[in-house]
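The values are calculated or read from the model by the stated rules, or taken from the named source; none is laboratory data. Keep in mind that this is a model prediction, so the values were computed, not measured. Heads up, the Cβs are rebuilt from the backbone with ideal geometry, glycines too, and the neighbour counts pull from every protein chain shown.
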Amino acid sequence: MTFVGWLQIALVLSAVVATAWPLGIYMSRVFQGQRTVLSPVMMPVERLLYAAAGVQPAKEQSWIAYTLAMLALNGAGFVLLYTLLRSQGWLPLNPQGFGAVSPDLAFNTAISFVTNTNWQAYGGETTMSHLVQMVGLTVQNFLSAATGIALAIAVTRGITRSAVGTVGNFWVDMTRATLYVLLPLSIVVAILFAATGVPQTLAGSVDAVNLDGSKQAIAIGPVASQEAIKQIGTNGGGFFNTNSAHPFENPNTWSNILSIWSMLLVSTALTFTFGRMAGDARQGYALLSVMAVLLIAGVAVVYGAETSGNPLLASAGVDAAGGNMEGKEVRFGQALSALYVVATTGLSCGAVNTMHNSLMPLGGLVPLFMIQLGEILPGGVGSGLYGMIVMAVLTVFVAGLMVGRTPEYLGKRIEAREMKLAMLALLILPLAILGFSAASVMMPKALESLANAGPRGLTEILYAYSSAAGNNGSAFAGLSANTPWYNATLGMAMLLGRFAYIIPVMALAGSLAAKTKSPASAGTFPTDGGMFIGLLIGVILILGGLQYFPALALGPIVEHFLMQAGRTF
């Protein structure tokens, strides 16, 4: 690790916070129906969309109606995307002449993009036509991200309102998230990506002349536009198979910095939005502080593990001065590669500029653990905020038990019903991750997909189901997941991780919205200070450790000690 490397990391994160603060204030105005700088342009479009869809924007919904509307939209999105994938062979804008996607892969891909997971069990440039990439995948990138933002805003309303039976209107929140936030940002970022050298064309390929004079066709397409919403919406699904390690998707240092900034921007900004809507900016700062502490700690571990090099190679006489560069791009370097690894898994993005299966055991442990914590550091757009709020509710309950008082969060009493709903949501991820992983390691047919045996093979399976259930989408590599078993079970894990999680969270929001907000008193536990921040960090880590430590001990942890002893499995 070097001073210059840490300076790079600090500058990128500072740029994120500096731009997220005004964006968070802007979003609070958008979702409270206040006038913004884009209102003159977007309000006529917004009204037209409501009129065409028969939406009454002034009519708010209960948490049940809000959730049903969300499920209806995403259900329709799944059906349409599945149909598009199965019909690809005879649709236009298919210069490569790709045929229909198989039923199990179409099922997996449709669920993946509807749930904001963007798990890709296929090579994008060798499987998907331009029409599917633009009309199918990119459109779902917008809708799934807008869904996450809308849900976060609904949960925020549930906590900040007093004695009401509604949490907003899903159709209004989703429309505003798309028109006022995602679309303008994507246009700007797409132009910037194109300026750095990312292709934006309807051509199918370009011919490159090799050193021996032969020609090689290299796939291209409308990459910059998909890249923009891929990062801003924390979707992560790449146009190319190697994602942001591909030189056409991430050509240089500037595009790499733009990628990291884009994926962190909206999720970070939502903490400022939360503070503004709560009427106390310090509440948002507290949540952001927890996210920042754990994110930077993860970067330190990955950066340290990768720059220390591989002792097995060092014992063989290989110079370890450059650290472990296997699976990394020289044009990005160790520092920004480490930041990218942790940011994409602390988020629910899943984009990669480094092959995670090439990380050192401890370097690979961090992104796996970041996903298993619930991807709340800072998490996906929307999903990270409402996931952190669930953790905050659990934390004040623990604090209440310690001092013998009824726990409160932002003036709302946390009672038995709220705790049951919070725990129901939190148990979804370990059920999906550990349950499907246990089934896979017991099935000889599933084990045939592994590239590695022993601890590394277990890590590959754990990572796949963690990525799916956590709606991350990044792959550890080494696991050939395009099989009926993995396509089906990973698809089910994605559904559980997105929708089985959000239903109890929305029920929690509805329960809190109906409660009367109590004024703070001398005995109120403050949720904007250092004690709460430290306690929240402890709850997050202890929960993660208790649920996943036994599995992690058999995977990356034991692999680390084997490597240090000069042994391989």
- Query: Condition test on A106, is it in contact with a Leu (Cβ under 9 Å, 6 or more places away or on another chain), without any contact (Cβ under 8 Å) to a residue 24 or more places away in the chain, of a type outside the set (K, R) and surrounded by fewer than 22 Cβ atoms within 10 Å (Cβ to Cβ)?
  - Reply: no
- Query: If a residue has to be over 25 Å from the mean Cα position of the chain (by Cα) and in a loop (DSSP other than H, G, I, E, B) to count, how many in segment 85-128 make the cut?
  - Reply: 13
- Scan of segment 533-553 for residues that are touching a helix residue (DSSP H, G or I) at 6+ places or on another chain (Cβ under 6 Å) and either surrounded by fewer than 17 Cβ atoms within 10 Å (Cβ to Cβ) or closer than 15 Å to A399 by Cα (or both), ordered by number: I533, L535, L536, I537, V539, I540
- Task: Take T516 and decide whether it is not assigned by TED's automatic domain parsing to the domain that holds N118 and not in a helix (DSSP H, G or I).
- Result: yes
- Task: For A451, indicate whether it is assigned by TED's automatic domain parsing to the domain that holds M370 and crowded, with 18+ Cβ neighbours inside 10 Å.
- Result: no
- Query: Could you give every pair whose Cβ atoms fall below 8 Å, whose first residue belongs to segment 115-134 and is closer than 30 Å to I502 by Cα, and whose second residue is modelled with pLDDT under 90 and in a helix (DSSP H, G or I), counting only separations of at least 6 or pairs across chains?
  - Reply: Q133/G124
- Note on the structure: R405: passes all of (1) of a type in the set (K, R); (2) out of contact with any Pro (no Cβ under 8 Å at 6 or more places or on another chain); (3) modelled with pLDDT of 90 or more but (3)
- Note on the structure: Checking R176, R161 in turn, the sole residue that is among the charged types (D, E, K, R), touching a Leu at 6+ places or on another chain (Cβ under 9 Å) and closer than 26 Å to G279 by Cβ turns out to be R161
- Task: Considering only segment 295-319, state which residues are acidic (D, E) and crowded, with 16+ Cβ neighbours inside 10 Å.
- Result: E306
- Item | Complete set of residues in segment 330-345 that are β-branched (V, I, T) and surrounded by 24 or more Cβ atoms within 10 Å (Cβ to Cβ) | V341, V342, T344, T345
- Among the residues of segment 184-224, count how many are within 25 Å of L265 (Cβ to Cβ) and either among the polar types (S, T, N, Q) or not assigned by TED's automatic domain parsing to the domain that holds V135 (or both). 3
- Note on the structure: Exactly one of T147, T156, T166 is farther than 23 Å from Y463 by Cα, of a type outside the set (K, R), touching a Phe, Trp or Tyr at 6+ places or on another chain (Cβ under 6 Å) and modelled with pLDDT of 95 or more, and that residue is T156
- Within the set of pairs 6 or more residues apart or between chains, which connect a residue that is within 15 Å of M70 (Cβ to Cβ) inside segment 152-167 to a residue that is among the β-branched types (V, I, T) and surrounded by 19 or more Cβ atoms within 10 Å (Cβ to Cβ) with Cβ atoms less than 7 Å apart? A154/V167; V155/I389; V155/V505; R157/V167; G158/V167
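Matching residues to (1) surrounded by fewer than 15 Cβ atoms within 10 Å (Cβ to Cβ); (2) without any contact (Cβ under 8 Å) to a residue 12 or more places away in the chain; (3) among the acidic types (D, E):
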{"position": "A18", "(1), (2), (3)": "yes, yes, no"}
{"position": "E60", "(1), (2), (3)": "no, no, yes"}
{"position": "T67", "(1), (2), (3)": "no, no, no"}
{"position": "G77", "(1), (2), (3)": "no, no, no"}
{"position": "Q88", "(1), (2), (3)": "no, no, no"}
- Task: Out of R498, R456, R417, R413, report the one residue that is touching a Lys or Arg at 6+ places or on another chain (Cβ under 9 Å) and basic (K, R).
- Result: R413
- Elements of type helices (runs of 4 or more DSSP H) in segment 253-353, at least 1 residues being in contact with a His (Cβ under 9 Å, 6 or more places away or on another chain) and modelled with pLDDT of 95 or more: 333-346
- Item | The lone exception for L365 - which of (1) under 22 Å from the mean Cα position of the chain (by Cα); (2) crowded, with 24+ Cβ neighbours inside 10 Å it fails | (2)
- Task: Report, ordered by the first and then the second residue, all pairs with beta carbons closer than 8 Å, sequence separation of six or more or different chains, a first member in segment 475-491 that is hydroxyl-bearing (S, T, Y), and a second member that is in a loop (DSSP other than H, G, I, E, B) and modelled with pLDDT of 90 or more.
- Result: S480/S449; T483/S449; Y486/S449
- Message: Tally up the residues in segment 139-191 that are of a type in the set (S, T, Y), part of a helix (DSSP H, G or I) and touching a strand residue (DSSP E or B) at 6+ places or on another chain (Cβ under 8 Å), please.
- Response: 0
- Complete set of residues in segment 431-448 that are assigned to a helix (DSSP H, G or I) and surrounded by fewer than 18 Cβ atoms within 10 Å (Cβ to Cβ): L431, G435, A438, A439, V441, P444, K445, L447
- Note on the structure: Scanning segment 226-250 for residues that are more than 18 Å from T115 (Cα to Cα) and polar (S, T, N, Q), the one surrounded by the most Cβ atoms within 10 Å (Cβ to Cβ) turns out to be N250
